[in-house]
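The values are calculated or read from the model by the stated rules, or taken from the named source; none is laboratory data. Just so we're clear, the structure is a prediction, and the values are computed from it rather than from any experiment. Please note: Cβ atoms are built from the backbone with ideal geometry, for glycine as well, and neighbour counts cover all protein chains shown.
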Amino acid sequence: MYRKDKLANELSKQLIKQEKVELIIALFLAIIFTGILLGSKQTTISRTPINLAKTTEVVFHLPDFAQIQNTKQKKQAFIEYLRPIVRMENLKNKEKKALLEKLRNDLSNSGSHRQSALEKLKRLAKSYRVNATDISRILQELETKIDEIPESLVIAQAANESGWGTSRFAKEANNLFGQWCYSKNCGIIPSGRSQGAKHQVRVFKDPVESVASYMKNINSHPAYEELRSLRKALKQKGSVVSGIALAQGLTNYSERRQEYVDEITTLIRQNSLE
């Protein structure tokens, strides 16, 4: 059994390494594509040196999509700019999934690694808003919460919420998903905020952080439990986990509820995001 587990872990590491190589190629092509379309010094994407071990060090600066007059080109530039960022964050989710499986194996044994695994599991549970205390229940909930989100859904919501990267909050706060915050000086106060309201539009250091925060929110917040249940059911049936399918679990994302869901699914179809 130990040899089988070790072999499985090695295969998992090889697959993740291969995906990282493919991701770096996608990032490089996206940089070239965006630079060609936007064609100005303002669109230069700054990044730290990429290596196979730390692709998450890449930092994207949002290009000025508003200067692209052709709507089709603007949309395509936004899609190609965002796609590798989404893939990078989904790769992180895969790595967390692999970590969860390792913790499960360590907890099933009585060896020296068990206590360390238990502490890591508790930190992971807290990060994903898991309140259960029973180990098997924690593992079960994390299995549902730690997972990938379809590229098409992420891109469609980003396009909808940020006006294809041209909104004030996208440009001034790197906020592509309209995410709010409530602590003092955490963001930008919306000009149309109701009297007595406390929310601000959260400021992110870069769009990568915005995508990561959005994914974590979808994967952990109680408001999106329906989306996660849909994803789990589709995977159990061996069906494709599509953006259109999971969009049905977004009724709590907007006050417009089903109208918002319909808007996102239409955007996915019209722009062939899947």
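Observations on the model:
- Scan of the stretch 213-237 for residues that are among the charged types (D, E, K, R), buried (at least 16 other Cβ atoms within 10 Å of the Cβ) and farther than 20 Å from V201 by Cβ, ordered by number: R228, R231
- Leading residue by the ranking (nearest to S229 (Cα to Cα)) among those in the stretch 146-182 that are among the small types (G, A, S) and in contact with a strand residue (DSSP E or B) (Cβ under 9 Å, 6 or more places away or on another chain): G178
- For the stretch 133-151, filtered to residues that are farther than 30 Å from G178 by Cα and surrounded by fewer than 16 Cβ atoms within 10 Å (Cβ to Cβ), the residue that is modelled with the lowest pLDDT is T133.
- Some residue of the stretch 212-224 being of a type in the set (G, A, S), touching a Ser or Thr at 6+ places or on another chain (Cβ under 6 Å) and not in a loop (DSSP other than H, G, I, E, B): no
- Residue match in the stretch 193-204 (condition: surrounded by fewer than 19 Cβ atoms within 10 Å (Cβ to Cβ), free of Cβ contacts under 8 Å to residues at least 60 places away in the same chain and under 17 Å from the mean Cα position of the chain (by Cα)): yes
- Scanning the stretch 76-102 for residues that are buried (at least 20 other Cβ atoms within 10 Å of the Cβ) and either free of Cβ contacts under 8 Å to residues at least 60 places away in the same chain or farther than 29 Å from Q270 by Cα (or both) turns up just one, A77.
- Among the residues of the stretch 152-162, at least one is under 16 Å from L62 (Cβ atoms), of a type in the set (G, A, S), crowded, with 20+ Cβ neighbours inside 10 Å and free of Cβ contacts under 8 Å to residues at least 40 places away in the same chain.
- Residue in the stretch 206-225 that is polar (S, T, N, Q), touching a Phe, Trp or Tyr at 6+ places or on another chain (Cβ under 9 Å) and over 29 Å from P63 (Cα atoms) present: yes
- Criterion applied to L246, L234, L230 was being closer than 26 Å to W164 by Cα and in a helix (DSSP H, G or I), and the one residue passing it is L246.
- Among residues of the stretch 245-260 that are within 16 Å of R231 (Cα to Cα) and of a type in the set (A, V, I, L, M, F, W, C), those with a beta-carbon under 7 Å from a residue that is assigned to a loop (DSSP other than H, G, I, E, B) and at pLDDT 95 or above at least six positions away or on a different chain give the pairs L246/P150.
- Selection of the stretch 152-168 for residues being out of contact with any Gly (no Cβ under 7 Å at 6 or more places or on another chain), outside any loop (DSSP other than H, G, I, E, B) and not basic (K, R) yields V154, I155, Q157, A158, A159, N160, S162.
- Single residue of the stretch 94-151 satisfying the filter (assigned to a loop (DSSP other than H, G, I, E, B) and of a type in the set (V, I, T)) that is farthest from the chain's Cα centre (by Cα): T133
- Within the stretch 169-178, considering residues that are assigned to a helix (DSSP H, G or I) and touching a residue at least 60 places away in the same chain (Cβ under 8 Å), the one surrounded by the most Cβ atoms within 10 Å (Cβ to Cβ): A170
- Selection count where residues are basic (K, R), assigned to a helix (DSSP H, G or I) and at pLDDT below 95, scope the stretch 36-86: 2
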